[in-house]
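Everything on this sheet refers to the single structure shown next.
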Amino acid sequence: MRKTINNGTHQYNDEGQGPAIVLIHGFSENGSLWEIQQAYLKDHFRIITPELPGTSDVPLTDPLTMESMADYVYAILLAESIDKAIIIGHSMGGYVALALTEKYPQLVQGLGLFHSTATADSEEKREARRKSIKLMQEYGAETFVRQTLPNMFSPAFKSVQPARVEAYVQMGMKCPQQAMIAYYEAMMQRPDRTAILKDATIPVLFVIGKDDNAVPADVILPQITLPRVSSIHIFDEVGHMGMWEVFDAANVILRQFADFCQH
């Protein structure tokens, strides 16, 4: 069920009953990213999928930061009287999940990084983001989306599932250029949060694709030993989009992790 609070400034889907799982989408995405997982998990859990500021017709917050987006998600949980939740984030959504865990540790029962990292951007990554912003400003968001988003998938998936790749591109087309630039700037400014993993007393989930160019495996692998309890899943021939590329496995991983976090 689609819900809004605060005069429409906060939008989210709320499905199912039981312990709460929050699934946070990433850059240029929206809550529909998690549709397959939501449909699978809602028989056992309450699934909240926020639409982050800037997506759909949700206004951008000013300034837009990982912390302001964490506050946005927290406001939704407060409105729904949810005081404990498992927080899962894809890519940029993982950065938001980390910021949420830092600001509101009492809320978080488990933390999931789906193709995401606790480290800050390297200078090389920042430079790549600056180039992407310039590309959007010069040629428009559509050119950027068509050029960039197909590379989120593994070569194997791209060749056999072109319709799914195109569906992801179409999702990206719905994200306003202004929002994409704001997301990139927020990602460039985010701090290193590996201390959150080191200090974590909650279970932490890592989903890693060997063909992920956006958040490469070699960036994430040094982090998997930091938490006291890690659940680690590394996929061959999977890029940055495990929830679509290997959706059956992703569903089972999330279900098992969520069950584990309840004990």
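The values are calculated or read from the model by the stated rules, or taken from the named source; none is laboratory data. Remember, predicted model here, so these are calculated numbers, not experimental data. As a convention, Cβ positions derive from the backbone with ideal geometry for all residues, glycine included, and neighbour counts pool all protein chains shown. What goes into the accessible areas is simple: the full protein's heavy atoms, side chains included, and nothing from ligands, DNA or RNA. Shrake-Rupley method; radii C 1.70, N 1.55, O 1.52, S 1.80 Å.
Residues that are touching a strand residue (DSSP E or B) at 6+ places or on another chain (Cβ under 6 Å) and crowded, with 21+ Cβ neighbours inside 10 Å within the range 48-75 comprise I48, T49, P50, E51, V73, listed in sequence order. Among what's in the range 139-161 and is closer than 16 Å to Q178 by Cβ and among the small types (G, A, S), pick the residue that is surrounded by the fewest Cβ atoms within 10 Å (Cβ to Cβ). Once the filter is applied, the top-ranked residue is G140.
Taken over the range 76-107, residues that are open to solvent by less than 10 Å² (accessible area, probe 1.4 Å) and free of Cβ contacts under 8 Å to residues at least 40 places away in the same chain amount to 2.
Of the residues making up the range 1-47, those that are open to solvent by 10 Å² or more (accessible area, probe 1.4 Å), out of contact with any Pro (no Cβ under 9 Å at 6 or more places or on another chain) and touching a residue at least 40 places away in the same chain (Cβ under 8 Å) are I5, N6, D14, P19, F27, N30, S32, I36, Y40.
Residue-by-condition table, conditions (1) assigned to a loop (DSSP other than H, G, I, E, B); (2) of a type in the set (D, E, K, R):
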site	(1), (2)
Q147	no, no
K158	no, yes
Y184	no, no
T201	yes, no
L205	no, no
I234	no, no
G239	yes, no
R255	no, yes
D259	no, yes
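Evaluate the following for G110: is it touching a residue at least 60 places away in the same chain (Cβ under 8 Å), within 13 Å of I24 (Cβ to Cβ), small (G, A, S) and in contact with a Leu (Cβ under 9 Å, 6 or more places away or on another chain)? Spelling it out, it is not the case that G110 is touching a residue at least 60 places away in the same chain (Cβ under 8 Å), within 13 Å of I24 (Cβ to Cβ), small (G, A, S) and in contact with a Leu (Cβ under 9 Å, 6 or more places away or on another chain). Within the range 162-171, restricting attention to residues that are within 13 Å of M241 (Cα to Cα) and touching a residue at least 40 places away in the same chain (Cβ under 8 Å), the residue that is surrounded by the fewest Cβ atoms within 10 Å (Cβ to Cβ) is R164. Counting the residues of the range 118-145 that are in a helix (DSSP H, G or I) and farther than 27 Å from V219 by Cα gives 6.
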